[in-house]
């Protein structure tokens, strides 16, 4: 196929099984059929079909958009893709309405191409493909971990290279400039399918780095961390920071509450902390190479209002 046709192996296999491929005039439906030199191969690619997902007029914070992709600053509370528990009100529903006929089709259907996700209660940056060309190019970058992704996270405790407890955590070590590196395997929890678990055999390789940006409390009991991903696994930052003993504030799945020393925070700070209703995690920076133009692209999203308000209350 011509490179600019941007048909993936999966799409081509589907076209074959659907009877859209003829070899020397004969329809071939077996993807394993042998190809012979000199054969005439015709592939019929239909216009992209309408998605079964309904468009919804939901406001979006669009950071960048062109004919091939769109970068969104997702609010906390929004699910990225429809699922049995959330069939509507998702980012995909909103994008179908926002993009309309600008979606040229991903995988044979007029739909946005989701190449990565962030959790429902995590805010911040996402890039979504609007064309097959962009979808393939972005998916390849996320697969080889060449995208730049930085998060801001508020955690309990302050990770420090001089902490003997942390030095004893398997998979944790410190690099120069007090950068915490966490290297483990991650897999779905054996008994709780909503959670991920740290492993050292099996699962998928996962690497997170984090550095302390700001400290809070007397004594210091909280830290604003900048975390960046070498890999991108489900719940990776949340699981890794919890494994290190520095779970995220407000995280309901991995233990987002901790008893603090009396008087460590002001009454206003403690009230704001206790009232924070989601994991304090924000996808702040996203960088990638534009899959069509080849341009280096980098976007930043400031902390959302709820995290900004919380940090202000924690600051004396």
Sole residue being within 24 Å of residue 142 (Cα to Cα), buried (at least 18 other Cβ atoms within 10 Å of the Cβ) and at pLDDT 95 or above, chosen from 265, 281, 311: 281
Residue 60 being surrounded by 13 or more Cβ atoms within 10 Å (Cβ to Cβ), at pLDDT 90 or above and assigned to a loop (DSSP other than H, G, I, E, B): yes
Residues that are farther than 19 Å from residue 216 by Cβ, in contact with a helix residue (DSSP H, G or I) (Cβ under 7 Å, 6 or more places away or on another chain) and in a strand (DSSP E or B), drawn from the stretch 259-310: 288, 289
Pairs, first at positive phi and at pLDDT 95 or above in the stretch 167-183, second part of a helix (DSSP H, G or I) and surrounded by 12 or more Cβ atoms within 10 Å (Cβ to Cβ), C-beta under 8 Å, six or more apart: 171/243
Hey, residue 275 farther than 28 Å from residue 168 by Cα, surrounded by fewer than 17 Cβ atoms within 10 Å (Cβ to Cβ) and without any contact (Cβ under 8 Å) to a residue 12 or more places away in the chain or not: yes
Lone qualifier among 89, 100, 77 - being at pLDDT below 90, surrounded by fewer than 20 Cβ atoms within 10 Å (Cβ to Cβ) and either out of contact with any helix residue (DSSP H, G or I) (no Cβ under 6 Å at 6 or more places or on another chain) or assigned to a helix (DSSP H, G or I) (or both): 100
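The values are calculated or read from the model by the stated rules, or taken from the named source; none is laboratory data. In this text, all values refer to a predicted model and were calculated from it rather than measured experimentally. So basically every Cβ, Gly included, is an ideal-geometry build from the backbone, and we count neighbours across all protein chains shown.
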